[in-house]
Each structure stands twice: as C-alpha cells, then as structure tokens.
Amino acid sequence: MSDLLRLRPVATPEMIAVFDDDATIAHACAFEVALARAQAAHGLIPEAVARAIAEGVAATRIDPAMLADEAALAGTLAIPLVARLRATLTGEAAQALHRGATSQDVADSVLMMQVRGAHRLVAGDGRRTCDALAGHATAHRATAAVGRTLLQDAMPVAFGLRLAQAAVGIADALELLDEAVAQHGVIQLGGAAGTRAGLGGCGAAIARRVADDLGLRTAPPWHARRTGVAAIGTSVAILIGALGKLARDVSLLAQNAIGEAQEPVIAGRGGSSAMAHKRNPTGCQVALSAATRAPGLVASLLAGLPQEQERGLGGWQAEGPVLTELFLLASGSAAAMAQVAEGLEIDTDAIVRNRDAAGMGEDMGESAAIIAELLGIEED
C-alpha cells in the first residue's frame, strides 16, 4: 500500500524518506539501543546486557503494516515495538530494554530526530532560492519596472527590489527555523511521569549520552510542555508563507498581459492536458497550495498547547502527523521555488513596455540603495 500519489506532488522524495515507516522504526530502535548503552556506561546494567540488546535489536525485522495495526490498538508505536523487541531477547536483556523510559519518550525523540533531518533538507533548498534571487536582484537593481500596490499600477521600482525583498523574507524565515530547531530539537527522556524515576539518580547524565548518540541536544523532560513543537511548526509555516509570497509575485508577473517573468521550462512541468499553448506556473502552484494548507496545520499545534498535567491526552499525539505534513509541504515548496528562482526568465523588453505604457517614468527612488542594504552588497 502506498500514498505516493498524494505525497509526491507536494513533497520531495528525500523528505518523504525522512518520515517514512522504515525511518520511524529505525529511529525508535536507535533510541532503545542508545538508552541501553547509556545505562551500561553509568553502571545501571552490565555492558554485556547492553550489547545483547543492541545485537537483538539489529537482528529484529519488523513489518511496518503489522506494527501499524498494533499501534492503532495500543495508542502509541512504542508499546508494540518494545514488545516485539523484547520477544527477540532473553533474560536480563529483555528486562532491561526500555528501562526508565515511557512511550512518549520514544515518540518525541523519534520526532525530533526526524525534524533535524527534515530541517537540513528544507534549509538547503531555501538557501538555494535566496542565493538565486539575490543574483537576479543585483542584476536588475537598475531596471525600472512598474511598481504595483493593491494590484494596480503605482510608481516605478527597481525590478530587482521585488526579488530582493522576497529573498530577505525567505532568509528571515530560515533563520527563525534554524533557531527553533537548534533550541527545541532535543531529547525526550523523563519516564512514566517525567521524573526520570528508575534511572538510579543518573537520569540527566543518561539523557546527555542518549542525546549525543542520536544527534540531539540534551534537555530536561518536556512531556506536557509543547511550546518547542509549536515553535518549530510555526517556523516551518512562516517559511512556507515566505516562499508563497515569491510564488504569488512570479505567477502574477507571468500572466499573459504582463509577461515580465516566467518559470523556467522544465520537461513535464507547466503544460495543460487540454490546451497545448499554455505555460502554467506549476512550481508556483506547488508553493501556493502549501501556503494555503499550512495555517490550518499550525492551528492544530497551537490548539494542543494546553496539555493536561504531566502527560496530555490527544494533544501531543496529534503533533507528529501535523509537523510531518508541514515539513513535507515545505520540502515541495522550497524545492519548486529553488528551481523557479534559479531558472527565472526575466523579460526586460516586457518590463520596459509595461512601464512605458503606464507613463510613469523611471524615477525608482532609492531602490538600488535599498537592494544593496537588504543584500549586504556594495552600491555602485
């Protein structure tokens, strides 16, 4: 069973792989192995037991479809996963597996491992977009174009100023996301009630070691404190919106009556099943569709912030699918707009023709200076 017909049009293959079943199971298994190794390092279990757990986990083959059915009944992935892993172990190793942890520790830590990988992907394409826009903006900082406010002709602006503003908007959103992931992409290890009971008084040290093994930052338990997830999700949505701003402008400039910019020609993209003459801005469509969906997803994360006491019911369980969908949408949007920005076709003749038809002259004010300030370049 596959849902690629739903996912692939809006997300990159690389991002889909970050959140797929195999990756989720692998991260969950890595958490259990890292926990056992950390406990052995602090004398809670023998080294031989930790090795047996690592070997047993590595040898276990889990069918995602069967695990999904079991998780649907159990209410969490970790319960059937731990049961299956224990079934492959014997004696002290079976008893030591998952010691001092709870299901939410696994779920949240896995989600943050996926967030780290997802962030790297979307940031890469986002920065490609910024770099390409900066190049176009610099090249067209002296190109006087029709400035439009409230969708009407207004006053001349440098064509590059519009692109520079889009580049900085995306860069600002990327910085917000960088900060959110750096601060909140952390380990979750608190045990049954968030007190790290059963870890022999070494909970903080064990959490640090597990975090290091999993590529996360260490932190106190945050089971019912969901501000970090909300911050990451909101930052992803802001990035989607910033990419959507670029998509909106490019799609408007590509209209037949304006024709000042076009998406690059890419095989298989932008055609019509009924009208062969059309050149549709399909990359922009991907980004604008994502920008339409993102606000509602973020609302779900914000609605989950009032978690009940030490562990909530229904709130944090909704976050994983929502955050996953936000990153999937961001990946498709960022990849599409990186292609658009890098291959953007700018028609200077059309820019001049529209400007002259509007009869507004060429006084662009301080456009060139603003572009230089926005992009941190030397003004000619």
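Scan Ala118, Ala132 and give me the residue that is under 26 Å from Met337 (Cβ atoms), surrounded by 24 or more Cβ atoms within 10 Å (Cβ to Cβ) and either of a type outside the set (Lys, Arg) or out of contact with any strand residue (DSSP E or B) (no Cβ under 8 Å at 6 or more places or on another chain) (or both). So that I can check it myself, show each step before the final result.
Numbers: Ala132 fails: surrounded by 24 or more Cβ atoms within 10 Å (Cβ to Cβ).
On inspection, the qualifying residue turns out to be Ala118.
Exactly one residue out of Pro64, Pro46, Pro13, Pro80 is in contact with an Asp or Glu (Cβ under 9 Å, 6 or more places away or on another chain), over 24 Å from Gly201 (Cα atoms) and at pLDDT 95 or above: that is Pro80.
The single condition from (1) touching a strand residue (DSSP E or B) at 6+ places or on another chain (Cβ under 7 Å); (2) modelled with pLDDT of 95 or more; (3) surrounded by fewer than 20 Cβ atoms within 10 Å (Cβ to Cβ) that Ala154 fails is (2). Arg196 - would you say it is charged (D, E, K, R) and crowded, with 20+ Cβ neighbours inside 10 Å? For Arg196, the condition - charged (D, E, K, R) and crowded, with 20+ Cβ neighbours inside 10 Å - is met. Within the stretch 55-114, being surrounded by fewer than 20 Cβ atoms within 10 Å (Cβ to Cβ) and among the charged types (D, E, K, R) holds for Glu55, Arg61, Asp63, Asp69, Glu70, Arg84, Arg86, Glu92, Arg99.
Among the residues of the stretch 317-325, is there at least one that is in contact with an Asp or Glu (Cβ under 7 Å, 6 or more places away or on another chain) and either modelled with pLDDT under 95 or closer than 30 Å to Phe159 by Cβ (or both)? Looking through the stretch 317-325, none of the residues is in contact with an Asp or Glu (Cβ under 7 Å, 6 or more places away or on another chain) and either modelled with pLDDT under 95 or closer than 30 Å to Phe159 by Cβ (or both). Within the stretch 251-264, does at least one residue satisfy the condition of being crowded, with 20+ Cβ neighbours inside 10 Å, within 19 Å of Val298 (Cβ to Cβ) and touching a residue at least 60 places away in the same chain (Cβ under 8 Å)? No, the stretch 251-264 has no match at all.
Would you mind stating whether Asp356 is touching a strand residue (DSSP E or B) at 6+ places or on another chain (Cβ under 7 Å) and more than 30 Å from Ala299 (Cα to Cα)? Spelling it out, it is not the case that Asp356 is touching a strand residue (DSSP E or B) at 6+ places or on another chain (Cβ under 7 Å) and more than 30 Å from Ala299 (Cα to Cα).
Could you tell me whether Ala118 is outside any strand (DSSP E or B), in contact with a Phe, Trp or Tyr (Cβ under 8 Å, 6 or more places away or on another chain), modelled with pLDDT of 95 or more and among the small types (Gly, Ala, Ser)? Yes; evaluated as a whole, the condition is true for this residue. For the stretch 270-285, the criterion of being more than 30 Å from Thr76 (Cβ to Cβ), of a type in the set (A, V, I, L, M) and modelled with pLDDT of 95 or more is met by no residue.
The values are calculated or read from the model by the stated rules, or taken from the named source; none is laboratory data. All of these numbers come straight from a predicted model, not from anything done at the bench. Please note: Cβ atoms are built from the backbone with ideal geometry, for glycine as well, and neighbour counts cover all protein chains shown.
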